[in-house]
Amino acid sequence: MANWQDILETQLETFPAPISVEEAAILYSDASLNDLMFVAMERRHEQVPGNLVTFLIDRNINYTNVCTINCHFCSFYRTPGHEESYTQTIDEISERIEELESLGGSRILMQGGVNPELPFEWYTDLLSELSIRHPSISLDCFSPIEIEGIAEVSGFSTLEVLSRFRDSGLHGLPGGGAEMLVDSVRSGISPRKGSSENWLKVMGEAQSLGLITSATNVFGFGESHFQRMEHMEKIRSLQDKSISSGYPGFTSFISWPVMLENNAFGKIGRRRNLMGLGAGAVEYLRHVAVSRLFMSNIDHIQSSWPTMGLGVAQIALSAGADDIGSTMMEENVVSASGTTKTMASVQELKDSIIDSGFTPALRDSEYNLLNLFGVKEIALEV
Ligand code: SF4
């Protein structure tokens, strides 16, 4: 079996260098972090040349917390009829978007629970109305599990739901709900969430309709490095298929460790003294670096400040990430399980990028550059 030095050498010499799940798992477990980050940065500069690190002004909107899926790691959801359950109105959502517009934002990322109380028309009315009121804002809404839930309530296929939503103004889908696309892990943490195949199927359908999508990965449920690479392999395979069919594919890959502070999953883990739950900074940096090497067909790798903090997110920019995410403005799902920072200002993100030795650039959800903050000449040279 190859050792990590040989695998990294091949990655350094050849681009794109095919890397198997087994080889990537060896890098993940054994490689020196310095060497892994160095080679990941070489790859980053091949895939995304230059010194720019991008970010987005957007707002997360969690339109309903009613959910019937009951994921063990989730502290956000409330069951139907619960006294703390809520569903926002079109006007309430629109007001939030107005606040985003006043800050120069370009996208909302709207996700919620799987709410069986909302009829199909609630969604199409919402999308149509928001498109009219906020024509310059990209509506990236509803993760695959929500699309599945809406299909179940409406009797339409998931493809039909997506197609009708696109016609009502949907621009793209958030990558949420992927967590670990390994069914043996998935069935232990969210048994009602459906198989990894379902998530991939809905994403493939969205891409076939030209919708903008991203891929996510929550890790730290006690799975092995090999299983983490199995997750990435499923994303990479779908990306290959979508690109060869002429579809847009995933814009980016975004990973973060599961939060454990306020949920049943974390409490049970601590009670049983379970090792390997969540992930610290070093494990996170290894994950980012390996994903940069493995995802040779996805250009953008994002570092996650809401879960890791801005300090670690800055270091991840030297581990292969080329994007630091977005301002978010609010976040209620992951934060319910333990993150404390749910908003970053434009200045904070710009400063974090500059302090890390990179050049900040504002983008939209399709990674088109919107503002180079006066460094156009430098950007054009690279
Ligand atoms: S993670 Fe999403 S699908 Fe799972 S319980 Fe929470 S809101 Fe529902």
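Where a number appears in this text, it was derived from the coordinates with a stated rule and is not lab data. Keep in mind that this is a model prediction, so the values were computed, not measured. Virtual Cβ from ideal backbone geometry, glycine too; neighbours counted across all protein chains shown.
The table below lists the values:
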quantity: Length gained when the stretch LEU369-THR79 is fully extended (0.36 nm per residue, less Cα-Cα span); calculated: 100.3 nm
quantity: Gain upon complete extension [LEU209, GLU101; 0.36 nm per residue less C-alpha separation]; calculated: 36.2 nm
quantity: Residues whose placed amide H lies under 5 Å from that of LEU370, excluding near-sequence neighbours; calculated: LEU362, ARG363, ASP364
quantity: Gain in span if fully extended, SER154 to PHE38, counting 0.36 nm per residue against the direct Cα distance; calculated: 36.8 nm
quantity: Gaussian network model of the chain, springs between alpha carbon atoms under 10 Å - residue of LEU12, LEU36, LEU349 with greatest fluctuation; calculated: LEU12
quantity: Computed E for SER20/THR89 - FRET, C-beta separation, R0 41 angstrom, nearest 0.05; calculated: 0.25
quantity: Point-to-point label distance, ASP6-ASN198, nm (Cα→Cβ direction, 7 Å offset); calculated: 4.2 nm
quantity: Value of relative contact order over the range 25-102, rounded to a whole percent, pairs C-alpha under 8 Å and six or more apart; calculated: 24 percent
quantity: Other-chain or far-sequence residues with amide H under 5 Å of VAL53's (modelled H); calculated: THR359, ALA361
quantity: Theoretical ellipticity at 222 nm over the chain - DSSP helices of four or more residues, -39500 (n - 2.57) apiece, nearest 500; calculated: -14000 deg cm²/dmol
quantity: Longest DSSP-loop-exposure-free segment, GluC sites (Glu not before Pro), the chain, at most 15 other Cβ within 10 Å; calculated: 118-260
quantity: Spin-label model distance (nm) - MET343 vs ARG133, 7 Å beyond Cα toward Cβ; calculated: 1.9 nm
quantity: Cys residues of the chain counted as unpaired, since no other Cys beta-carbon is under 4.7 Å; calculated: CYS67, CYS141
quantity: Contact order normalised by residue count of the chain, Cα under 8 Å, 6+ apart, percent; calculated: 23 percent
quantity: Per residue convex hull volume, Cα atoms of the chain, in Å³; calculated: 134 Å³
quantity: Residues of type aspartates and glutamates that LYS241 reaches as a straight line, Cα spacing below 17 Å, ignoring anything fewer than 8 places off in the same chain; calculated: GLU197, GLU205, GLU230, GLU233, ASP299
